[in-house]
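Participant: Sending over a structure as structure tokens; questions will come in a sec.
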Amino acid sequence: MVDYNNLIFEISRQGRVGSSLPASDVEHVDINDKLPKHLIRDLPAELPEVSELQLVRHYTALSNKNHGIDNGFYPLGSCTMKYNPKINEDVARLEGFSRIHPYQPTETVQGALEVLYELQEELAAITGMDAVTLQPSAGAQGEWTGLMMVKAYHKQKGEARTKVLVPDSAHGTNPASASVAGFDTITIPSNEHGLVDLGELKKHVDDNTAALMLTNPNTLGLFEKEIVEIAKVVHEAGGLLYYDGANANAILGKTTPGQMGFDIVHLNLHKTFTTPHGGGGPGAGPVGVKKKLIPFLPVPRVEKVNEVYVLDFNQPLSIGRVKGYHGNFGILLRAYTYIRTMGAEGLRQVSESAVLHANYLRKKLEPYFDAPYSQICKHEFVLSGSRQKSLGVRTLDMAKRLLDFGYHPPTIYFPLNVEECLMIEPTETESKETLDAFADVMIQIAKEVEDNPVVVLDAPHTTVIGRLDEVQAARQPILRYTKEKAVNRETVMS
Amino acid sequence: MMIKMTESAMNKLKEMVVNGEQTPRIDAEIAGGCGMTVKFSIVFDEPRRNDSIIEMDGIQIRLDRFTKRFIDEGTQIDYSDEHGFLVGESFVSSACAIEID
Ligand SMILES: Cc1ncc(COP(=O)(O)O)c(C=O)c1O
């Protein structure tokens, strides 16, 4: 077991430095003579003062405690925590890419623009769309960008539609993006099979419907089989169809959102296309659109004119720029590398294996947990901890117990329409041995719930920090470091 | 751990228990996604293993160990015909009080 780390502020000693600079050969100036008083701080900033070695040890120790896909299995449903091939990193570090600047004249960065252009083309083909913008830096920003285009599209037609329909199984970012884009969200209940209830949908679709946002396969891992009919209902009312591509890992090379009838798509490159999820970023959420929406795409657009790559700013109907420069270029480059190393056949195999793995694990676990939608699934599936709840153990307890075995728990308590939900996405990059070992642990935990529940209720036992006091963390969160609070840390943590 | 029960909540519970419902329970439900919220409710259901039982004024109320973690000194239960049971920290800061249908 690793020890709890001191904060870098706590190992700090006044005057200690991590580097030594040669004596200054320019005249010393007093800052008080140069800046107005109100711009000068009264007290020195509390910056940590440590040696280089202390710094290295501190962050190495922290990184050892982090759980990432390179450490172990990470079946976090809806997040597609699959292996990020290291060749992506090699390519992103090539000097021709890492040493260029977004303000360079375009004729000096033709290679980088070619990558962007080619990636747009590849993603358009993968999604069945006519054009793609790479600017948005996450799925959620892609959603917002897409909805701003929906708005501009209706406005151009002289309509001010206000409603965006979202199924109750949708990710929270869907209704959130709709609100931020200025729409009212209407929730469409799922039917008993976990799919969009067509009857309910028809009740809500009218001439005020701007768009329907749909994830397919949905967050239960189920394919919306009636998608063609759903698309027809929305289109006939003059609305648009938005595809949340967070689950694209299930359909690569099999079908496309374009074929299903969608008009707008976002992809999460940090999910399907193996760019790192990092510590929350940077991500990339490119958006693809059908022809009728191309005029509204963000500028600048990367175009190819007579074999030369150019930035096109001249699009009067564009919703404008949604991100500085050209999006997270390093991330886009990694995704492009992945697509080119996999090829079309490789990407099809990705989805086939992802779906196979999910069904394999589902079959192994279903006897031990409630399965509210027991049917062939796509790349992920949900189980319910209802049976365990009646024995006094909750899904959160079981998730904590998984930490003792070195696994990142699945997504829990989402989607909201499943009681005590566990949402498991094994991904295609894991071996059969890993899936078997994880299943064995899940089965062991299910048995512990029956025979020895305390070991689950008090989990985790082997982590650096045991079960957190979630009540205190929620009621008295300490979000800022101060010396006084640090002194009291023992009491805060106990 | 102590739970405060308003008179109207107590009267309503007594009425429901007399009417032959099962034992009342304070139950915590979690809604997830990014971050988690805990909602409390009063339900009538079967006993669960490791339930705690609190007795107030002759009425037994159950809560499972999970729910107990989230309940603290300040938790109060109120009832009104309009809102049903409300389980929350304090009715002064009713932002934290949760509505029960
Ligand atoms: C179904 C679904 N939609 C949208 C999002 C939002 O994507 P991002 O986290 O990249 O903003 C997620 C991510 O967690 C998701 O799972």
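Participant: Taking A:Leu416 and the conditions (1) within 14 Å of chain B (Cβ to nearest Cβ); (2) open to solvent by 10 Å² or more (accessible area, probe 1.4 Å); (3) not in a loop (DSSP other than H, G, I, E, B), which numbered condition does it fall short on, given that it satisfies the others?
Facilitator: The number of the failed condition is (3).
Residue by residue, here is whether (1) open to solvent by 30 Å² or more (accessible area, probe 1.4 Å); (2) under 22 Å from A:Pro286 (Cα atoms) holds:
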| position | (1), (2) |
| --- | --- |
| A:Gln141 | yes, yes |
| A:Gly146 | no, yes |
| A:Lys151 | yes, yes |
| A:His171 | yes, yes |
| A:Ser179 | yes, yes |
| A:Phe183 | no, yes |
| A:Ile188 | no, no |
| A:Asn191 | yes, no |
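Participant: A:Val228 - would you say it is away from the ligand (no atom under 11 Å from the Cβ) and either surrounded by 20 or more Cβ atoms within 10 Å (Cβ to Cβ) or in contact (Cβ under 8 Å) with a residue 24 or more places away in the chain (or both)? I'd like the intermediate steps shown before the answer.
Facilitator: Details: away from the ligand (no atom under 11 Å from the Cβ): yes; either surrounded by 20 or more Cβ atoms within 10 Å (Cβ to Cβ) or in contact (Cβ under 8 Å) with a residue 24 or more places away in the chain (or both): yes.
Considered against the rule, which asks whether it is away from the ligand (no atom under 11 Å from the Cβ) and either surrounded by 20 or more Cβ atoms within 10 Å (Cβ to Cβ) or in contact (Cβ under 8 Å) with a residue 24 or more places away in the chain (or both), A:Val228 comes out as yes.
Participant: List the number of the failed condition for A:Thr106; all other conditions in (1) touching a residue at least 60 places away in the same chain (Cβ under 8 Å); (2) more than 16 Å from the ligand (Cβ to nearest atom); (3) within 26 Å of the chain's Cα centre (by Cα) hold.
Facilitator: (3)
Participant: Consider only pairs whose beta carbons are under 8 Å apart and that are at least six residues apart or on different chains; among these, list those whose first residue lies in the stretch A:427-441 and is over 23 Å from A:Phe273 (Cβ atoms) and whose second residue is among the hydroxyl-bearing types (Ser, Thr, Tyr).
Facilitator: From the stretch A:427-441, the pairs are A:Lys432/A:Tyr360; A:Phe438/A:Tyr407; A:Val441/A:Tyr407.
Participant: On to the next question. Among the residues of the stretch A:153-166, count how many are out of contact with any His (no Cβ under 8 Å at 6 or more places or on another chain) and open to solvent by 10 Å² or more (accessible area, probe 1.4 Å). Full working, then the answer.
Facilitator: Applying the first criterion (out of contact with any His (no Cβ under 8 Å at 6 or more places or on another chain)) to the stretch A:153-166 yields A:153-159, A:162, A:164, A:166.
Subset that is open to solvent by 10 Å² or more (accessible area, probe 1.4 Å): A:153, A:155-159, A:162.
Count: 7.
Participant: Restricting to the stretch A:274-323, give me the number of residues that are of a type outside the set (A, V, I, L, M), open to solvent by 40 Å² or more (accessible area, probe 1.4 Å) and assigned to a loop (DSSP other than H, G, I, E, B).
Facilitator: 13
Participant: Going through the stretch B:71-86 one residue at a time, which ones are modelled with pLDDT of 80 or more and either within 14 Å of chain A (Cβ to nearest Cβ) or surrounded by fewer than 16 Cβ atoms within 10 Å (Cβ to Cβ) (or both)? Walk me through it before giving the result.
Facilitator: We begin by selecting, within the stretch B:71-86, every residue modelled with pLDDT of 80 or more; these are B:76-86.
Correct list: B:Ser80, B:Asp81, B:Glu82, B:His83, B:Gly84.
Participant: When you look at A:Thr219, is it modelled with pLDDT of 95 or more, within 14 Å of chain B (Cβ to nearest Cβ) and within 15 Å of the ligand (Cβ to nearest atom), yes or no?
Facilitator: It is false that A:Thr219 is modelled with pLDDT of 95 or more, within 14 Å of chain B (Cβ to nearest Cβ) and within 15 Å of the ligand (Cβ to nearest atom).
Participant: Would you say A:Glu433 is surrounded by fewer than 19 Cβ atoms within 10 Å (Cβ to Cβ) and away from every other protein chain (no Cβ under 14 Å)?
Facilitator: For A:Glu433, the condition - surrounded by fewer than 19 Cβ atoms within 10 Å (Cβ to Cβ) and away from every other protein chain (no Cβ under 14 Å) - is met.
Participant: Is it the case that some residue within the stretch A:331-347 is within 14 Å of chain B (Cβ to nearest Cβ), surrounded by fewer than 23 Cβ atoms within 10 Å (Cβ to Cβ) and in a helix (DSSP H, G or I)?
Facilitator: Looking for residues that are within 14 Å of chain B (Cβ to nearest Cβ), surrounded by fewer than 23 Cβ atoms within 10 Å (Cβ to Cβ) and in a helix (DSSP H, G or I), one finds none in the stretch A:331-347, hence no.
Participant: Would you point out which residue out of A:Asp397, A:Asp404 is touching a His at 6+ places or on another chain (Cβ under 9 Å) and either within 14 Å of chain B (Cβ to nearest Cβ) or more than 17 Å from A:Leu365 (Cβ to Cβ) (or both)?
Facilitator: Values: A:Asp397 fails: touching a His at 6+ places or on another chain (Cβ under 9 Å).
Only one candidate passes the filter, namely A:Asp404.
Participant: Now for a separate question. Say we look at the stretch A:137-168 and pick out the residues that are near the ligand (Cβ under 9 Å from one of its atoms) and not in a helix (DSSP H, G or I); which of these is farthest from the other protein chains (Cβ to nearest Cβ)?
Facilitator: In this case the residue turns out to be A:Ser137.
Participant: Also, I was wondering about something else. Within the set of pairs 6+ apart or on separate chains, which have a first residue in the stretch A:261-273 that is within 12 Å of the ligand (Cβ to nearest atom), a second that is charged (D, E, K, R), and C-beta atoms under 7 Å apart?
Facilitator: If the second residue must be charged (D, E, K, R), the pairs left are A:His266/A:Glu143; A:His266/A:Asp244.
Participant: Could you tell me which of the residues A:Asn88, A:Asn32, A:Asn64 is open to solvent by less than 40 Å² (accessible area, probe 1.4 Å), of a type in the set (S, T, N, Q) and in a helix (DSSP H, G or I)?
Facilitator: Of A:Asn88, A:Asn32, A:Asn64, the one residue that is open to solvent by less than 40 Å² (accessible area, probe 1.4 Å), of a type in the set (S, T, N, Q) and in a helix (DSSP H, G or I) is A:Asn88.
The values are calculated or read from the model by the stated rules, or taken from the named source; none is laboratory data. Computed from a predicted model, the values in this text were never measured in an experiment. So basically every Cβ, Gly included, is an ideal-geometry build from the backbone, and we count neighbours across all protein chains shown. Surface areas here come from the heavy atoms of the whole protein model, side chains and all, with no ligands, DNA or RNA. Shrake-Rupley method; radii C 1.70, N 1.55, O 1.52, S 1.80 Å.
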